[in-house]
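The values are calculated or read from the model by the stated rules, or taken from the named source; none is laboratory data. Fair warning: this is a prediction, and the values are worked out from it, not measured in the lab. Note that we place each Cβ from the backbone using ideal geometry, even for glycine, and neighbour counts take in every protein chain shown. The accessibility values were calculated without ligands, DNA or RNA, using every heavy atom of the protein model including side chains. Shrake-Rupley method; radii C 1.70, N 1.55, O 1.52, S 1.80 Å.
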Amino acid sequence: MSATAAARKPGKQASRAGAAAEPSKRRRKADSAGDRKKLKDGGKMNEEISSDSETESPAQGKIEEEEEEELEETVQEKKLRLAKLYLEQLRQQEEEKAEAREFEEDQVAGRLKEDVLEQRGQLQKSVAKEIQAPAPDDIRVLRGHQLSITCLVITPDDLAIFSAAKDCTIIKWSVKSGQKLHVIPRVKKDTEGQPPGHCTHILCMAISSDGKYLASGDRSKLILIWEAESCQHLYTFTGHRDAVSGLAFRKGTHQLYSTSHDRSVKVWNVAENAYVETLFGHQDAVAALDALSRECCVTAGGRDGTVRVWKIPEESQLVFYGHQGSIDCIHLINEGHMVSGADDGSVALWSLSKKRPLVLHREAHGLQGMPGLEQPFWVSSVAALLNTDLVATGSHNNCVKLWQCGEGFQCLDHLFDIPLVGFINSLKFSSSGDFLVAGVGQEHRLGRWWRIKEAQNSVCIIRLRRVAGPPASSS
C-alpha cells in the first residue's frame, strides 16, 4: 500500500470517530437535559415534601426526638434511668406515708388530750363564737300538749324528742318531720284495767346514754321506766315520800339518780329493776338534778340556797353557796363545771373544786314590775352544750338567752336573745349542737304564780347556724 493510501485511511478513521462522537454528544446533551428536567421536577417534589414537613406538630417532632434518643440510649443508660425513676417513686411514697403518719399522730394526740381534759373536767371547746342568731324560719313550733310543758329530753341520736307536761301526757316527736311518733296518755287515779301512765303533773324526765330507757317522775311520788323505742312501760319505782323533781342517768350506764321534794337523793339500777341506796343532806325540797359519767350527781337545793355534789361510793357530799334565792335549775357543763339559775334572777358558773361560784351574773334576764318595786325575772331553766363554752338560760321575759363562758369559765358573756313568748320551763341542746329545744308554757313548771295568755304550750326546735371558720379549739 502506498503512503497516500496509508495517509488517507487515518483521515477516514478520524472522520468516522468524529461522526460517531457527534451522536454520543447529542445523547449526552439529551441525557443532561433529561437530568436537568428530572432535577427540576425533583426540586418541585422536594419543595412540596419540605412544605409538608413544615406543617408537622411540635409534639410529633418531640416524639420523634425522644424515639431517636431512645434509639441512641445504651442498655446501661436505660438501666440507670429506670433505677433513678424507681428510687424517685419510692421517695415520694415514703413522704406520703410520713405525712399520713404525722396526721394520724396529731389526731390521736388531740383525741388523747381531749380525753384527759374531759376526765379532769377541764375540757372546754370553743363553739359559742361560731353560733349565729337564728332567723324566724329557724324556729319550729310543735303543738300537742294541752297544758304547760314541764320537761323534755332528746334521744342520743338526735332523732326524737320526748316532752311532758302538766296535762300528765308524754309525747314522742320526730325531729325531722315534727310529727308525733307516740303519745303516752294520762290515766285516771285508782282506776284498774287501764294502761300505765301518769295521773299527776310530770316534773322531770331522763333518757339513758344508749337510748334504751326513758324515766319519768311525777307529783304522785312515782318513777315510771319506759322502753324508749316502743314507749312500752317496763317498771315502776316507788320509795320517794313526795313529788319526784329530778332524774338523771349516769352516762354510759343504766344507773339512775332521782331526787324529790322529800329532800332525798336515791340511786336505782334500771337494768336490774333494783333500788340501791338513799342519801340525805338538803334542808328543803330539792328542785333539780344532773349527772355525767362520774359516779356522782349534782343537785339544786331550792330554798335551802345550796348546790350539792354527791359522791356516791363515799356516801359523802360537798356543799356550795352563792345564790341569794331559791335555786331551781342546774346543769353540768363538763365533769368539773356546772351552771345554775335561781329565782333571784342570777346565773352562776361553778367549779366542783371551789365552794363559791366562779361567776355570778345577777339580773340575767332583767327586771319586771312597777318603778320602785322591780323584781328580777326568775331563771326557770338552764342548759349547756357538753364540754363547750355555750350556755342557754330561760325565763318568762319573752326570750331565751345564749351565753359564752370565758376561758377557764372565769366570765359569762351574753351573745344574743332568741324571741320566745311564755315560760321557758326546759332547755336542751342536741348532742351535735345543731339545734336547741325549748319547752314553753303559759305557767311556771312548779306552780301557777303567773299566767301568760298569749303564750303557746309547745315544743320549740331552734336551729343553730354556725359561721364558717376554723375547727373548734379546746382549752
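What is the projected area of the convex hull of the Cα atoms of segment 358-406, averaged over all directions, in nm²? Walk me through the numbers before you get to the answer.
Values: hull surface 16.3 nm².
Averaged projected hull area, Cα only: 4.1 nm².
Whole-Hz Karplus ³J(HN,Hα) for segment 278-288, in order, using 6.51 cos²θ - 1.76 cosθ + 1.60 and θ = phi - 60°, x for Gly and Pro?
10, 10, 10, x, 5, 9, 8, 4, 7, 9, 7
Could you work out the relative contact order of segment 326-475? I mean the mean sequence separation of Cα pairs under 8 Å and 6+ apart, divided by the number of residues, in percent. Provide the component values of the computation, followed by the final result.
Numbers: 373 pairs, mean separation 22.5, N = 150.
Once normalised by length, the contact order is 15 percent.
If you line up the Cα atoms of segment 128-466 on their principal axes, what length do they span on each, largest first, in Å?
55, 47, 39
Compute and list, largest first, the equivalent-ellipsoid semi-axes of segment 325-475 from the alpha carbon gyration tensor, each √(5λ) rounded to a whole angstrom. Don't skip to the answer; put the middle values down first.
Details: eigenvalues 127, 75, 35 Å².
Ellipsoid half-lengths, sorted descending, are 25, 19, 13 Å.
Using θ = phi - 60° and the Karplus relation 6.51 cos²θ - 1.76 cosθ + 1.60, list the HN-Hα couplings for segment 92-102 in order, rounded to whole Hz, with x at every Gly or Pro.
5, 5, 5, 5, 5, 5, 5, 5, 5, 4, 5
Express the relative contact order of segment 128-466 as a whole percentage, based on alpha carbon pairs under 8 Å and six or more residues apart in sequence. The partial results should precede the final answer.
On the way: 1011 pairs, mean separation 48.4, N = 339.
Rounded, it is 14 percent for segment 128-466.
Please report the carbon-and-sulfur percent of the accessible area for segment 128-466; probe 1.4 Å, protein heavy atoms only, DNA, RNA and ligands left out.
On the way: 6450 of 13780 Å².
Using a 1.4 Å probe with all protein chains present, segment 128-466 comes out at 47 percent carbon and sulfur.
Kindly provide the pair-distance distribution of segment 188-248 built from C-alpha pairs, with 5 Å bins from 0 and whole-percent values in order of increasing distance.
4, 19, 28, 27, 16, 6, 1
Quick check on packing: order 85-93, 210-218, 140-148 by the mean number of other C-beta atoms within 10 Å, highest mean leading. If you can, show how the numbers build up before the last one.
Numbers: 85-93: 10.0, 210-218: 21.1, 140-148: 16.9.
Highest-to-lowest ranking by the protection proxy: 210-218, 140-148, 85-93.
Could you go through segment 270-275 in sequence order and give the Karplus-derived ³J(HN,Hα) for each residue, using 6.51 cos²θ - 1.76 cosθ + 1.60 with θ = phi - 60°, rounded to whole Hz, and x for Gly and Pro?
Once rounded to whole Hz, the list reads 5, 4, 9, 6, 9, 8.
Rg/Rh for segment 159-303: what does it come to with C-alpha atoms and Rh from Kirkwood?
Numbers: Rg = 14.7 Å, Rh = 15.4 Å.
Answer for segment 159-303: 0.95.
Roughly how many whole Å is it from the C-alpha centroid of segment 254-322 to that of segment 194-252?
Using only Cα atoms, the two centres lie 16 Å from each other.
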